[in-house]
Structure formats: C-alpha cells, structure tokens
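Read through the structure below, which is laid out as structure tokens, and then see the notes.
The values are calculated or read from the model by the stated rules, or taken from the named source; none is laboratory data. A quick note: this is a predicted structure, and the numbers were derived from the prediction, not measured. Virtual Cβ from ideal backbone geometry, glycine too; neighbours counted across all protein chains shown.
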Amino acid sequence: MLNKIFIMGRLTRDPELRRTQSGTAVTSFSLAVDRDYKSQSGEKETDFIDVVAWRATAEFAAKYFTKGRMAVVEGRLQIRDWKDKDGNNRRSAEVVADNIYFGDSKRDSSGGDYAPAYGAPAGGYTAPAGGYAAPMGGSGFAEIGEEDGELPF
C-alpha cells in the first residue's frame, strides 16, 4: 500500500506550535495550493489544505515558516472522523508532514545565509551572494563527437 503526497503552496497563517501532555511537539498550519487550471470564469482556483507536523518537523516549521512563505510538504494523507459540538459525525482530511522544504528563497532575519533546510547535511547549502555564476572557461558543455554514432552511456 502507498500513501504519499507532495504539496506546494503558501502558508495561510503562522504555524502554531503546541506540545502534547507528554511533551511531544506538534504544529498545524494550512497551505493555499493553486490548481493547475482556471475555472470556466477564467479564475485560478485554490485549495486550502490542512497540514500537521510532529516532533522535529513541527519545531522546524514553527521556527522557520511564517504566513505567506512558500513551502513544499512531503507526507501522507490522513482522514479523521470526529464529532462536532452538536454530536454530528464529521470527517476531515489533512496531510501529516514527514518533511517540509522551503519553496522560496527568502533570507532569514539575520540577513546572512539562507535558513537551513530540514534534513540538509550539516553546514547546509548557501547560495553565492552574487547569484549563480557560470563555470570558468566557457559554458561548461562539451561537444560529443560522432566517431561511431553511439552515445557515450
């Protein structure tokens, strides 16, 4: 069985970090995810998807993400049944996040390096201050000769 989901969108509110009675970190937020197509009226439609993250992923989201930031969430879809205050049966769908990645390149509040990515190697990756520069000595591409017409791989 497979239950894997990837969504990319903007946070509609700041992540809300809470702790369970046993001290486990949990955070929840919602992502506004645009659909790939427009409606008959020509408007882009947006889905608002609830996300919940636990433990280190929850702490990471609460520390580095705020309303309006673009996020990529990898996780699984979970359906929960519950009762409302009137005793009616209700059902909710949410994404339980395994990993959360930055979907934009906003610099952190120190104005220095980019904020670290969750799960990134120690030291992380920082973009060069002046942006991307082409490799020295040309475009970095080489012509493939047609000696025998075979591809080199």
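Residue by residue, here is whether (1) assigned to a strand (DSSP E or B); (2) hydrophobic (A, V, I, L, M, F, W, C); (3) touching a Phe, Trp or Tyr at 6+ places or on another chain (Cβ under 6 Å) holds:
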| site | (1), (2), (3) |
| --- | --- |
| LEU2 | no, yes, no |
| ASP14 | no, no, no |
| LEU17 | yes, yes, no |
| SER28 | yes, no, no |
| LEU31 | yes, yes, no |
| VAL52 | yes, yes, no |
| ALA56 | no, yes, no |
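Could you tell me which of the residues ALA71, ALA56 is among the small types (Gly, Ala, Ser), loosely packed, with under 12 Cβ neighbours inside 10 Å, on the phi < 0 side of the Ramachandran plot and touching a residue at least 60 places away in the same chain (Cβ under 8 Å)?
ALA56
Part of a loop (DSSP other than H, G, I, E, B), within 20 Å of ARG80 (Cα to Cα) and touching a residue at least 12 places away in the same chain (Cβ under 8 Å) - does that describe any residue in the stretch 38-50?
Taking the stretch 38-50 as the starting set, the residues that turn out to be part of a loop (DSSP other than H, G, I, E, B) are 39-43.
So of that shortlist, the ones also within 20 Å of ARG80 (Cα to Cα) come out as none.
No, the stretch 38-50 contains no residue that is part of a loop (DSSP other than H, G, I, E, B), within 20 Å of ARG80 (Cα to Cα) and touching a residue at least 12 places away in the same chain (Cβ under 8 Å).
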Checklist line | Checklist (1) at pLDDT 95 or above; (2) farther than 20 Å from SER92 by Cβ; (3) touching a Lys or Arg at 6+ places or on another chain (Cβ under 7 Å) applied to ARG35, failing item | finding: (1)
Checklist line | Tally of residues being out of contact with any helix residue (DSSP H, G or I) (no Cβ under 7 Å at 6 or more places or on another chain) and closer than 24 Å to ASP104 by Cβ across the stretch 1-28 | finding: 13
